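Structure record follows, encoded as structure tokens.
What follows draws every value from the coordinates through simple rules; no lab data is involved. Here the structure is a predicted model, which means the values were calculated and not measured. No Cβ is skipped: glycine too gets one built from the backbone with ideal geometry, and neighbour counts run over all protein chains shown.
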Amino acid sequence: MNVDGEGDLERKANDLVRLALFTENKHMPLRRDEISKKVMGSKSRRFGEVLARAQQILSNTFGMQLVELQTRPAEEEKDKKEDKAQEKNKDKNAPGIKKKAPTGTKSYILRSVLDPQLIKLATVPDDDLLRLEKGEFDADPELNAEDEYPVPEPTGAIIAWERGDQLQSIGLLYVVLSFILVHGRSISDNDLRTLLRRLRLTANTQVPRDARASLQHYTLDQFLSTAIRQGYLDRQRIGEAKGAQKKRGRASATQGGNNDDAVILEWRWGPRAMAEVGEQDIARFVADFMVERTRGDVDSEDDEGGNAHEDPETKKMRDGMLKGIGKAAGGNLAELL
Amino acid sequence: MVSSNDVQKLFLQAVASRRILSKQVAAKIWYKCVEAVQAVDETLEIEYRENKWDEWVNRLNAALEPLAIEFAHVFDEATGKDMYALVNRKSDEIAQLASDYTAGEIMYFRAILEQIMLAPNESYCVSSLAALREVNHVQTTMTKSQAQHVLGSFVARGWLLKSPKGRYSLSTRTILELQPYLRSTYPDEVLECTICFEMVTSGYACFTPACKLRLHNHCYKNHRRMRSDCPTCKVEWGEDDSKLLRVGEQAFKDGQEKGRRVRSVEADEDGDGEEDEEQSQSQSREPSEPSQSQTKVKKEKTTKGKGKGKKKVAESDEDEEMEEDGETPPPRTQGKRKARS
């Protein structure tokens, strides 16, 4: 019976790995109840064991892990000291810290756990590989002739990130995440819309999709809704009587009319953004952009260890920028949660 | 921190990011993964031999096998290149999630697959018009213009190919990943290459009436280098290619899509390829099924197919040579069919 139990555990773990891989393909988080239904069946008690074994398989075979998404209760008027203590203490199970402790959502995403140095090397163009892939690309008449289905040109990176699904949406998402971050980790709907309008994006503007999308009609509002559904963004009503949430001083600043009774929509990062993208990397993204713009491409070509080859002045500017972003966000940029 | 096992992990991530890739590119990526891991930790000793590719693939597949995933390969019918991809080998409920498509879109895809597999003259392709018309036969609210986008998406994701003449056919990836499904769903329509035994949807056939030879383009080329006669019936082909029959889009005949082929599920003895009838009408092509004489008899017995049982192809084409009384109306598509008496 023991043997059978082991075999069963192994089978379920393999099924969970498959489920994780295929669900990730759809860009949706994997919910615990789906796991229970599709993998565990009646034996939900052993979930912990099955998950642990599945994690081993994912890690050993693909260099990936399932990560449970965390929610963070809405940040109220902050006591900065308490906040700093919070951030330093990353242990979410620490007792006594009720308000700020992130809670599990019973939703999981897949994440690469390869060494960051390795990932960096894997995303940088390699001349050799590029030559080979570009050669094949150019030789394929169907790829080139059809403008209807533009296929991205190879970059020659080991991980072909240029083939990512809907890169346009990812780019837009990261811009929105950046806005939210530097605005203090939350931004009112009005403010966000104003900023997006500067980029010529209004509610009904078509967001470009690559040919793989079967639904071509895709407005900004649909993009935002999808981002919420996928867990990248979070939108809340702030200021309702029934809610326990206090209004944020900053957020209500731009509201016309009566602040005290105003109900505003606020955008924050969703749990998936915290786990998959991370505040630090978005901060670096913003810093890169700002530095490049300011320096006017003096230090262009941010290759492999970009920052390492910078001249000291640029590095100083970048460091200053990062500090500023951290301050604007409200301190202590989080790593991947 | 890296270990030598990271080569495998990075390699699989790299392959996954490409969906399908040539053996050359895959082998190069393997080398680059070794290089990258080595760069992070120079003290690691990593085994790498360029000519040990097959062993590398076997090692990967040993790890993937319990997950019912395979790093499999097949030759691209158009280019003759050896292509690799990670494919799912178990069509369970879990795998059905793997799609970005809605249920209606998946049904539409299956319908297109069917039209391709059932296409007359072993052409294994369907025109744009016919593909769009399929929307009417699928239970979905998709409009024709939506279907246009969906078809574009199928092509962009590499499930279908669209030829310069606008005809859709099976991509290498689809053949690689769905071959078990196609073989079990369309056993009478799946052709095998006589030389390599892999499924063939584009290539050559011998012009001898009874000869069952079918070859991939690349298998044909290889054979031709050494011999000029048919490997099966030994007839001399001579120098001229043009007498040979074709499999795939080049076998497409104008007007072959006048009717619509349906896989009707009948309670009948055996499902023979009734498409052979049409083939014999249009170009006296030797049917791929042996018992052609039986098919006519069967036609009379054919009922309006809603039963279970073996699959049968119902013809709904207008055709002089069909002497039986009336044809079988295809089960699902009452709308546009022209009634024949």
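Odds and ends about this structure:
- Computed label-point distance, nm, for sites B:Glu65 and B:Lys221 using a 7 Å Cα→Cβ extension: 3.4
- Unit charges at the beta carbon, dipole of segment B:1-102: most positive-side option, B:Val25, B:Val37, B:Leu64: B:Val25
- Extension gain for the segment B:Gln250 to B:Phe207, taken as residue separation times 0.36 nm less the Cα-Cα distance, is 14.0 nm to one decimal.
- Label-zone membership for segment B:43-67, site A:Glu10, 7 angstrom Cα→C-beta point, backbone N under 18 Å: B:59-67
- At full extension, B:Lys258 and B:Cys233 could sit 5.6 nm farther apart than now, given 0.36 nm per residue minus the alpha carbon distance.
- Listed peptides B:170-180, B:251-261 by packing density, highest first (mean Cβ within 10 Å): B:170-180, B:251-261
- Ascending count of other beta-carbon atoms within 10 Å, so fewest first, for B:Val150, B:Val155: B:Val155, B:Val150
- Peptide B:66-78 is shielded by partner chain Cβ atoms: per residue, an average of 2 of them sit within 10 Å of its Cβ.
- Taking label positions 7 Å along the Cα-Cβ direction at both A:Arg293 and B:Glu50, the computed distance is 4.8 nm, reported to one decimal.
- Per-residue average of Cβ from other chains inside 10 Å of A:310-322: 0
- Listed cross-link partners B:Lys23/B:Lys165; B:Lys81/B:Lys162; A:Lys106/B:Lys9; B:Lys32/B:Lys221 are compared with a 24 Å cut-off, the Cα-Cα value being larger for B:Lys23/B:Lys165; A:Lys106/B:Lys9; B:Lys32/B:Lys221.
- Applying both filters, DSSP loop and at most 11 other Cβ atoms within 10 Å, to the chymotrypsin sites (Phe, Trp or Tyr not before Pro) of segment B:115-219 gives B:Phe197.
- For the pair segment B:21-51 and segment A:223-237, the centres of their Cα atoms are 40 angstrom apart.
- Taking the number of Cβ atoms within 10 Å of each Cβ as an exposure proxy, the fewest-first ranking of B:Cys196, B:Cys211, B:Cys219 is B:Cys196, B:Cys211, B:Cys219.
- Note on A:208-216: average number of Cβ atoms from other chains within 10 Å of each residue's Cβ is 6.
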